[in-house]
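Visitor: Sharing a structure, written as structure tokens. Questions coming.
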Amino acid sequence: MARRNNRRRQKLPQDPVEVLIESLSHDGRGIARIDGKIVFIDGALAGETIKFLYTKKHSKFDEAKTIEVVANASSDRVEAQCQHFGVCGGCSLMHMSPEAQLATKQNTLEEHLTHFGSLEPGKWLEPLRGPLWGYRRKARLGVKYVPKKERVLVGFREKGTPYLAVLEQCEVLDQRVGTRLAELGEMIAKLDAHNRIAQIEVAMDDEHVALVFRNLDPLSEQDTHALIAYGQENDLWIYLQSGGPDTVTAIWPENPQLSYAPEEGLKLDFEPNDFTQVNAGINLKMIERTMELLEISPDDRILDLFCGLGNFTLPLAKRVTEVVGVEGDEALVRHAKDNARKNDLANATFEQADLTKTELKDYPWAKAGFNKILLDPPRSGAFEVLHQLAALGAERIVYVSCNPATLARDAGELVNKHGYTLVSAGIMDMFPHTTHVESIALFVKK
């Protein structure tokens, strides 16, 4: 045992190594080979000759970071527009042009469909694009008092470590909060509870910013007043969270309400800890594309699985005979029902069900079947429910995915076992400057 631990603690080589980058990995790192062993290198692009330093060594591969581009700098390389790039672990593609980022994500989707599903769509959809900077309206910021630095850090973890990076601002976070990271740290440092605030949940709509402070202990009256004063001075809504999600409580102003419009004439209320899409601009385009792919008609009866608080369900309800949204999270179902009522959409029904275990055909609302289905599952995908979709009579399925690997797996299942054709697919740039791949696919019954 002691010998194994000593091997783990062996020192990394300290001298820079020069190498040619052969290609890019799905997570945006350069791939090179040293003595036959693969090295994944942060900050490198295909075709470049670079110098790197090792950051981690493993039995089958190593990891490293670029310190210099020696020759053949890629035409895709750009100057990162963030002073913290390379230190903060939040973004990994800022050294790559926006067009190259899209091409990389497209290639990731293509390779996953080929590898996991042996599939290629009949048509590739044009990528959906939006703002490149200040696009994030949802985030979870870490908070940590660091005695050695004599300051409170607010932001994201360092690349490859569990520690918070020292950040002044974030370029991809909506600037109503993105420019305040250092300021938030300075404000928290003055609180009695400066070492008992664990995180800040950020949620925004067009007009308002909500900050949920996770307080590990009850706050003093003085600290509570200080947070309220900070919110009032900066037009920020302030919440506390002493435990689980159900403990989120607004302390200023009274009864605040976040909301957004998925389309003109609709308003969806949400709470700061509800799941909503982080990129408002891409969300609007995604809803529009979903409607187009479903080929909506007034006679449709549509099933919306993993429906959340009605992001797709309620826009659909304005256009079809009936839509049923199914979601596992009780709070989201409750909020979705409230949103349907507030928008006078009686033809939208919401049900709570664990879709990994539920037989949909057993529910009364499923007896009449559905001619079209929308899926928007979590990263784990929708594998457990796929066998039921054809039985419900769905002639058309649109699948919105945040994980190309599970989309490809599920696509293979729909095509090879359940009689569907993959008609079209494409990416949506929900998270610019990261390797996150959001995509959408259309399946039609043969």
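The values are calculated or read from the model by the stated rules, or taken from the named source; none is laboratory data. This structure is a prediction, so every number in the text was calculated from the model and none was measured. Here the Cβ positions follow ideal geometry from the backbone for every residue, glycine too, while neighbour counts run over all protein chains shown.
Visitor: Which residues, taken from region 181-202, are of a type outside the set (A, V, I, L, M) and crowded, with 23+ Cβ neighbours inside 10 Å?
Guide: Of everything in region 181-202, just one residue is of a type outside the set (A, V, I, L, M) and crowded, with 23+ Cβ neighbours inside 10 Å, namely 185.
Visitor: Now a separate question. Has region 131-148 got at least one residue that is under 30 Å from residue 268 (Cα atoms), assigned to a loop (DSSP other than H, G, I, E, B), touching a Gly at 6+ places or on another chain (Cβ under 9 Å) and among the aliphatic types (A, V, I, L, M)?
Guide: no
Visitor: Collect the residues in region 152-162 that are surrounded by fewer than 20 Cβ atoms within 10 Å (Cβ to Cβ) and closer than 19 Å to residue 214 by Cβ, keeping them in residue-number order.
Guide: Listed by number, the residues that qualify are 157, 162.
Visitor: On to the next question. Given the residues 274, 223, which is the only one that is within 27 Å of residue 165 (Cα to Cα), free of Cβ contacts under 8 Å to residues at least 40 places away in the same chain and among the acidic types (Asp, Glu)?
Guide: None of the other options fit; the residue is 223.
Visitor: Confirm whether residue 333 is out of contact with any Gly (no Cβ under 7 Å at 6 or more places or on another chain), part of a strand (DSSP E or B) and under 26 Å from residue 401 (Cβ atoms).
Guide: When the stated conditions are applied, residue 333 does not pass them.
Visitor: Looking at 406, 358, can you tell me which residue is assigned by TED's automatic domain parsing to the domain that holds residue 119, farther than 19 Å from residue 283 by Cβ and in a loop (DSSP other than H, G, I, E, B)?
Guide: Unique residue meeting the criteria: 358.
Visitor: Follow-up question, since we're still on this one. Tell me which strands (runs of 3 or more DSSP E) are completely within region 19-88 and hold 2 or more residues being within 27 Å of residue 154 (Cα to Cα), or say none if there are none.
Guide: Once the strands (runs of 3 or more DSSP E) in region 19-88 are filtered for at least 2 residues that are within 27 Å of residue 154 (Cα to Cα), what remains is 49-57, 61-71.
Visitor: Something else: With the requirement that a residue be of a type in the set (Gly, Ala, Ser) and closer than 11 Å to residue 407 by Cα, what does region 107-127 give you?
Guide: 117
Visitor: Then there is this: Out of the residues in region 107-142 that are within 17 Å of the chain's Cα centre (by Cα) and either under 16 Å from residue 27 (Cα atoms) or of a type in the set (Asp, Glu) (or both), state the one that is surrounded by the most Cβ atoms within 10 Å (Cβ to Cβ).
Guide: It comes out as 109.
Visitor: Oh, and also: Among the residues of region 280-302, which ones are under 23 Å from the mean Cα position of the chain (by Cα) and charged (D, E, K, R)?
Guide: 285, 288, 289
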